[in-house]
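Report on one structure; see the data block that follows.
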Amino acid sequence: MMTNDVPYKTYLTESELPTAWYNLRADMKVKPAPLLNPATLQPVTAEELEHVFCSELVKQELDDTTPFIPIPDEVQKFYRMFRPSPLIRAYFLERALGTPARIYYKFEGNNTSGSHKLNSAVAQAYYAKAQGLKGVTTETGAGQWGTALSMACAFFGLDCQVFMVKCSYEQKPFRREVMRTYGADVTPSPSMKTKVGRAINEAHPGTTGSLGCAISEAVEAAVSQDGYRYVLGSVLAQVLLHQSIIGLEARTAFGKLGVKPDTIIGCAGGGSNLGGLIAPFMGEKLRGEADYRIIAVEPASCPSLTRGRYAYDFCDTGKVCPLQKMYTLGHDFIPSANHAGGLRYHGMSATLSELYAQGMMEARAVEQTSVFRAAEQFARVEGILPAPESSHAIRVAIDEALRCKAEGKAETILFGLTGTGYFDMVAYQKFNDGEMNDYIPTDEELAASFAKLPQA
Ligand SMILES: *Cc1c(COP(=O)(O)O)cnc(C)c1O
């Protein structure tokens, strides 16, 4: 039965919007391990990073003590074109499940890029422009980050060069065209344009690419052109910082409703949306002010938290990026080609990895057919066609709501609905045709990949 104790959607007024991002690391007693220079195995310096990244973003990356970092005025203005995002009470999903649980989701798909990635893209493009750069290079996997960055670069008048993982480039021609419409130059990766791309093509003929390969190509393209820097859409601490806007808005909206979530669930690829959604809640937990159950959801085919090693590893296949201590499947790990559901990255944000190692959050791995079943169920009752990545969080939110039903508990569940799935129809088609299957890497496959971890 639908009760209207809270509205279906809760928005914030413009004056309630956050004016500073929240840096979760400031409240961690044990900080994430420092990034290491792969040549010297010493912590990387700002000077070394500034060859690759924009100066202001390097400062943010290395700052693990300042809790609040002001959002530049221009970025706040851009945010107003698509923020605040609504906090939605999933009344129809609750009714369909017959659960006493109260389910909420924070919907980040209401912008042309179709995901939360625009939150960080606009910040990164702003800092690149402010530094007087000509342009930026990046990688994109499923295409959402490249799309978001293209939009942000168009707005600030920056050149945007995107290396797109080859299998997505071929599967998602419309994503590519959106990027080109916003003025970006899109290259399938591994390409023959870079040294590292040529080497990967030679070592793995016919490869359909991976995020790790595309990152290596984009970094090489940035350092070999004057006036260019590399930007990354996930994994890094700066990206989690920008994504904290999601959690800050959610916490304010819950405050207006007089509600507190018990469980917070997010999908985890590189960890940026989850890190952003949980940031202020985890901050309360770290400061001992409140307790929340936090669940990261990852694909069973790319299970970095649940089956990975917590070790220093390369962020990219070409080993050009700094080493990061994180839960990793190994920088050479490429998820099986039948994996359609996004979240293909081999590692995990260092901040989330450290919090997971400290026991501050849980992780669960789910198989893609069950993820698409959850997506279908959600779409049919809540209306929104979810991105496959987001549907990992839906899967576990539904499982938790069904547990509440079995236990007769009216818990409050919040999950991150990171985006829409309109460009993922090839994956949906496979699911609809009954041709989607699951692949779980064997222990032997993972062991072979772990054997290549650097000795740091
Ligand atoms: C990129 C993406 C993700 C995963 O990336 P994170 O950095 O782990 O958040 C999840 N959902 C959508 C819709 C995405 O585009």
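Here are some notes:
- Paramagnetic label zone (point 7 Å from Cα along Cα-to-C-beta, residue 370; backbone N under 17 Å) in region 249-281: 265-268
- Among the trypsin sites (Lys or Arg not before Pro) in region 239-332, those located in a DSSP loop and surrounded by at most 14 other Cβ atoms within 10 Å of their own Cβ are 287.
- Computed over region 287-422, the Cα gyration tensor eigenvalues convert (square root of 5λ each) into semi-axes of 28, 20, 12 Å, ordered from largest to smallest.
- Spin-label model, residue 256/residue 425: points 7 Å from Cα along the beta carbon direction are separated by 3.5 nm.
- Just so you know, the Cα atoms of region 217-312 work out to an Rg and Dmax of 16.7, 53 Å.
- 10 Å Cβ shell holding at most 16 others, DSSP loop, GluC sites (Glu not before Pro): longest site-free stretch of the chain: 51-288
- Net charge of the neighbourhood of residue 25, taken over other residues with C-beta under 10 Å away and scored Lys/Arg +1, Asp/Glu -1, is -3.
- If the segment from residue 192 to residue 73 were pulled out straight at 0.36 nm per residue, it would be longer than the present Cα-Cα gap by 38.8 nm.
- When +1 charges are put on Lys and Arg Cβ atoms and -1 charges on Asp and Glu Cβ atoms, the dipole computed for region 54-187 relative to its Cα centre reaches about 540 debye.
- Mean residue ellipticity (222 nm) of the chain, computed from DSSP H runs ≥ 4 via -39,500 (n - 2.57), nearest 500: -12500 deg cm²/dmol
- Globularity index of region 1-150, i.e. its alpha-carbon radius of gyration over 2.2 N^0.38 Å: 1.32
- Antiparallel DSSP beta bridges within the chain, percent to nearest 5: 35 percent
- Charge context of residue 429, other residues only, Cβ under 14 angstrom, K/R +1, D/E -1: -2
- Coil-residue trypsin sites (Lys or Arg not before Pro) of region 128-226, DSSP, other Cβ within 10 Å capped at 16: 134, 193
- Here the chain is treated as an ellipsoid with the same Cα gyration tensor; its semi-axes, largest first and in whole Å, are 31, 25, 22.
- Projected area, mean over directions - region 347-424, Cα convex hull, nm²: 6.5 nm²
- Inter-part distance, region 253-315 to region 129-203, computed on C-alpha centroids, equals 28 Å.
- Whole-number D in µm² s⁻¹ for region 69-114, Kirkwood Cα-pair radius fed into Stokes-Einstein, 25 °C, 0.890 mPa s: 191 µm²/s
- Virtual spin-label span in nm between residue 362 and residue 20, 7 Å along Cα→Cβ: 3.4 nm
- Rough spin-label spacing in nm, given labels placed 7 Å along Cα→Cβ, for residue 440 and residue 336: 1.0 nm
- Sequence-ordered 3J(HN,Hα) estimates for region 272-283 from the Karplus curve with 6.51, -1.76 and 1.60 and θ = phi - 60° stand at 6, 5, 5, x, x, 5, 7, 3, x, 6, 5, x Hz, glycine and proline given as x.
- 19 Å Cα-Cα threshold exceeded, pairs from 166/193; 77/172; 117/325: 77/172; 117/325
- The chain: relative contact order in percent, alpha carbon pairs under 8 Å with at least 6 residues between: 19 percent
- Taking the chain, the Cys residues with no second Cys beta-carbon under 4.7 angstrom are 54, 167, 213, 267, 302, 404.
Values quoted throughout were computed directly from the atomic coordinates according to the rules given, and no laboratory measurement underlies them. These numbers were taken from a predicted model, which means no experiment stands behind them. Cβ coordinates were reconstructed from backbone atoms using ideal geometry, including for glycine residues, and neighbour counts include every protein chain displayed.
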